[in-house]
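To keep things clear, I will list the structure first and then write my remarks on it.
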Amino acid sequence: MKGVKSMKNILRNRTVLGLVSIVMALIICFGLTPLFNKAMQEKVDIVRVTKDIKKGDLITKDMIQTMSVGGYNLPNEVIKNQENVIGKYALADFCKGDYILLTKLSNEPLTEHAYLYNLDGIKRAISITIKSFAAGLSGKLEQGDIVSIIASDYGEFRKTMIPNELQYVQVLAVTANSGEDRTYQEMKDEDQELPSTVTLLVNQEQAKLLAELEEKSKIHVALVYRGDIETSNKFLEEQDKVFHKEQEDQGENDAINNEKDEHSSDSISKNTEEVSGQTKLGGVTNEE
């Protein structure tokens, strides 16, 4: 009897599992799949390039057109209105058929060393020497990269370190011996000139530290991140927290020192008053 009941339970469970499987299959086939296909087939209008555009070119109406394409997996930054493109300047080279991202356009014409015009008095630009092919990431550094600075053979004990102040630093430019900044297109040329310096965006404390490391160590540049501006800024914000914490700690130490000084001043004043009182009392006793 027990064997018969067990067999019935097994068959019943199999039946339930089979029904559940059939229901799930129907949901997928007639519910999720049509929704997915609809998303794949949904069309959106985007702006595309009709002729090659070079970096720095002013974009005119004859260079672009609006086309309907599948909206699935399109970047959020893709431009869909020609009015947001015409009259702007290209920050990168575009080939025929490319779509245009908002981050690749500028309202202002490009100038040589344009990155130096964005300094605000707090941030500074400083260059460090690439002393070997390997030290500069084998010539693969690009503008906008987030890098860490590694110092080797530093100090009396010739140690290797990554200073907390230089964990995440932005590359402004990679420059060859000729003084020309290298671009991605130039990097693909066979007769390319290797970079000799890297220009970095730093604050005053970082600039001082880099100048010291330039003289007293061997500097290597390690790539941390290359990609969208939003993520790059997150790395830079993390680096700024190091200096904010140091300022807070310094403020707390100054407050403690001020309290100690005030306490010492009060003690000295109190002792002076006691000594003065004793002196006066002693004078009266002698007169008597």
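The values are calculated or read from the model by the stated rules, or taken from the named source; none is laboratory data. Being a predicted model, the structure only gives us computed values, none of them experimental. Ideal geometry is used to build each Cβ from the backbone, glycine not excepted, and the neighbour counts take in all protein chains shown.
When you scan region 56-65, do you find a residue that is out of contact with any Pro (no Cβ under 7 Å at 6 or more places or on another chain) and closer than 26 Å to ASP240 by Cβ, even just one? So far as region 56-65 goes, no, none of its residues is out of contact with any Pro (no Cβ under 7 Å at 6 or more places or on another chain) and closer than 26 Å to ASP240 by Cβ.
Looking for something in contact (Cβ under 8 Å) with a residue 24 or more places away in the chain and exposed (fewer than 15 other Cβ atoms within 10 Å of the Cβ) - is there at least one such residue anywhere in region 166-180? Checking region 166-180: not a single residue is in contact (Cβ under 8 Å) with a residue 24 or more places away in the chain and exposed (fewer than 15 other Cβ atoms within 10 Å of the Cβ).
If you go through region 195-253 and keep only what is charged (D, E, K, R), within 24 Å of ASN177 (Cα to Cα) and touching a helix residue (DSSP H, G or I) at 6+ places or on another chain (Cβ under 8 Å), you end up with just LYS218. When both residues are 6+ apart or on different chains and their Cβ atoms are under 8 Å apart, which pairs have a first residue that lies in region 204-232 and is farther than 11 Å from ILE149 by Cα, and a second that is in a helix (DSSP H, G or I) and among the polar types (S, T, N, Q)? Short answer, once both residue conditions are applied: TYR225/THR231; TYR225/SER232; ASP228/THR103; ILE229/THR103. Restricting the first member to region 111-124 and to residues that are assigned by TED's automatic domain parsing to the domain that holds LEU200, and the second to residues that are part of a helix (DSSP H, G or I) and among the small types (Gly, Ala, Ser), the beta-carbon pairs closer than 7 Å and six or more apart or on different chains are ARG124/ALA207. With respect to the conditions (1) closer than 22 Å to VAL171 by Cβ; (2) touching a strand residue (DSSP E or B) at 6+ places or on another chain (Cβ under 9 Å), LYS80 falls short on a single one, namely (1). In region 85-104, the count of residues that are in a strand (DSSP E or B), polar (S, T, N, Q) and surrounded by fewer than 18 Cβ atoms within 10 Å (Cβ to Cβ) is zero.
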